[in-house]
Amino acid sequence: MALITCSECKKEISTLARSCPNCGAPNSSTVKHSNNTNLDWSSDDDKKLLSLYKKNVPEFALAKILKKRLTDVRIRIIYLMKNNK
Ligand SMILES: [Zn+2]
């Protein structure tokens with residue numbers, strides 16, 4: 001997962017985070033991509049999704065656990081796998 005520096009408090013935050021967990025400033029890197037579905041996902045959701053996915057939890061179960069649509073879970077897994085290299 002890539003990290004960027006918060007524009008407000010200068011701490012490192014995930015590029016996937018909607019806002020800085022330290023000071024709450026909006027993450028400018030996600031604001032730029034606001035036309036995708038990523039804004040519905042918190043970094044906690046991502047962590048949970050990735051750890052469960054790596055334990056071979058099926059996608060429909062992931063959707064249930066995270067209270068997301070199955071299609072969103074699939075898209076997010078692909079996105080996270082691409083950005084996790
Ligand atoms: Zn901050």
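The values are calculated or read from the model by the stated rules, or taken from the named source; none is laboratory data. Since the structure is predicted, the reported quantities are computational estimates derived from the model, not experimental observations. Cβ: placed from backbone, ideal geometry, glycine included. Neighbour counts: every protein chain shown.
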So residue 63, is it among the small types (Gly, Ala, Ser), surrounded by 14 or more Cβ atoms within 10 Å (Cβ to Cβ) and at pLDDT 90 or above: yes
Members of the stretch 42-59 that are among the acidic types (Asp, Glu) and in contact with a Lys or Arg (Cβ under 7 Å, 6 or more places away or on another chain): 59
Residue selected from the stretch 42-83 under the condition of a type in the set (S, T, N, Q) and more than 11 Å from the chain's Cα centre (by Cα), by the criterion farthest from residue 16 (Cα to Cα): 56
Contacts under 6 angstrom Cβ, first residue in the stretch 2-22 being farther than 21 Å from residue 48 by Cα, partner near the ligand (Cβ under 7 Å from one of its atoms) and among the small types (Gly, Ala, Ser), 6 or more apart: 6/25; 8/25
When residues of the stretch 4-46 are limited to those that are within 26 Å of residue 65 (Cβ to Cβ) and aliphatic (A, V, I, L, M), the one modelled with the lowest pLDDT: 39
